[in-house]
Every structure is written in structure tokens, then in C-alpha cells.
Amino acid sequence: MTVTWEELGWERLAAGVGRCRLPGWDCTVGLILGEGTALVVDAGSSLAEGARVRARAQELSGGRVTHLALTHPHFDHVFGTAAFAGTEVYAAVGVDAVFAHERGELRLDAIRNGLPVADADEAVDALGPPRHLVSGEWTLDLGGGRQALLANVGPGHTAYDLAVLVPGSVSGGPEVVFCGDLVEESGEPQAGPDAVPSRWPDALDRLLALGGDDALYVPGHGAVVDAGFVRRQREELAARFGVS
């Protein structure tokens, strides 16, 4: 019996493309299915959560997760990475340095935001560098005519923001853009000490150029939005930070 996306708590966005909103911080993870391949977008906030995401993704795909893309180096998106051992891990150039030299800050941020100390310690101890670093754009051939475009569209929410585009021509529906926390729907976009506010509106311009007017935009937190929402958030951020 074939299990459906909804039965496993996922939202189907297009043929072979979906996402799940995780409990706790309402963080989104994405899933793109190819032929004998599966790309997960973001890894969750702990090793246990990452393991649950991987297990559900593999139940939907009928095979193993082969690729993992990290949209930015915040604990709620990357602390589950080590649960994806054996996958090809992608991130924006610079995330490797964050993982190597800012592990203590990642740990403290996670604990301040409510992650149990033991979970934070376990995740930090296991956190390894992404194997593939994206400086511009990187097209993944997932087989069966399925492609996914990884685009380094930052800086903005952080200095290292990666978006994932699934073209509509291969997904059997609209283009789908996984935005990470460059876009947030469930609350005001969060600009922490590692944000680059002066460049954030430009990052959203690049995001809109990537997806176009008819794409589905999947924020890092909250409901799926359209291009109009992204444009409004771009203007709000420009006004908030005093940039054009």
C-alpha cells in the first residue's frame, strides 16, 4: 500500500515535491524526489529530529535520501545534519567556516531558544562540514528528468543563504522555491547578529528573479506564499533597515 504525503504529515506542493512543518520552531524541511534519489532541504533542530525527517522522507521515496541542502547555518535548520550520514551535503560557501569556528555560538543560540542542553551538545559534537559549497548556482540532476537548482542568493538573513528551485517543467506544476529564512510567513523576519540587513532586499530580488511571478515560495517558517507576499516583505525589510 502506497503511503501519501499527508499521511506522514507532509504537504504536497507539486508532483514529487513537498514540505513538512516541524514542531517547536515551526521550521520547514523540503523534499524533492527523483529517480532513485531524494533531496531534503534542511535537517531539523536535533539529531533525533533529523532522524525522523530522514525516515519519513525515505518512506515517501521508497529509497534512501541521497542529497541534503542546508539553507543557512542556524541550529533549527542544521543540527539534524549528522542524521543524514552518507548523503551529499550542500551549503553556501562560508557555512563550512561557521561549522568549524562558530560551534559554540550555534550551541548557545540553540540553548537560549529552548533546545535541551544534551541535544545541543550531541548535535554540535556530530556536526561536520558540508561536502559541497555553492558560490553561485549548482544544478543537481536527480534522475528521471528531475532537476533542482541550488542558488547562493545571500547575504541577507545570514551571510550564507541558499535557495532551492524546483523548475515547474519537471515538477508537473508551478515552480517551487525553498527560501530558507530569507522569507518568513508566521512572524516578522528575524534579523540576528549574523544578519546582513543592508543586503537582504537585494537577496529577495534575486529570489524573485529565480522563481518568477507564478512560483510557490516556501518560507523557512510559516505557510507557503506567492511572489506578491515576497515583494511586500522585501519592501517592509527595506523600510525597516533604511535601504532601497
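The values are calculated or read from the model by the stated rules, or taken from the named source; none is laboratory data. These numbers were taken from a predicted model, which means no experiment stands behind them. Here the Cβ positions follow ideal geometry from the backbone for every residue, glycine too, while neighbour counts run over all protein chains shown. All accessible areas refer to the heavy atoms of the entire protein, side chains included, with ligands and DNA or RNA removed. Shrake-Rupley method; radii C 1.70, N 1.55, O 1.52, S 1.80 Å.
What to note about this one:
- Restricting region 47-72 to residues that are among the hydroxyl-bearing types (Ser, Thr, Tyr) and out of contact with any helix residue (DSSP H, G or I) (no Cβ under 8 Å at 6 or more places or on another chain) leaves a set whose member that is modelled with the highest pLDDT is Thr66.
- Segments classed as strands (runs of 3 or more DSSP E), wholly inside region 160-244, with at least 1 members that are over 18 Å from Ala91 (Cα atoms) and open to solvent by 10 Å² or more (accessible area, probe 1.4 Å): 176-184, 216-221
- Segments classed as helices (runs of 4 or more DSSP H), wholly inside region 1-101, with at least 2 members that are of a type in the set (Lys, Arg) and surrounded by fewer than 24 Cβ atoms within 10 Å (Cβ to Cβ): 47-61
- Per-region count, region 105-139, residues under 30 Å from Ala238 (Cα atoms) and buried (at least 16 other Cβ atoms within 10 Å of the Cβ): 6
- Filter result for Leu142 (surrounded by 14 or more Cβ atoms within 10 Å (Cβ to Cβ), at pLDDT 95 or above, within 21 Å of His67 (Cα to Cα) and within 17 Å of the chain's Cα centre (by Cα)): no
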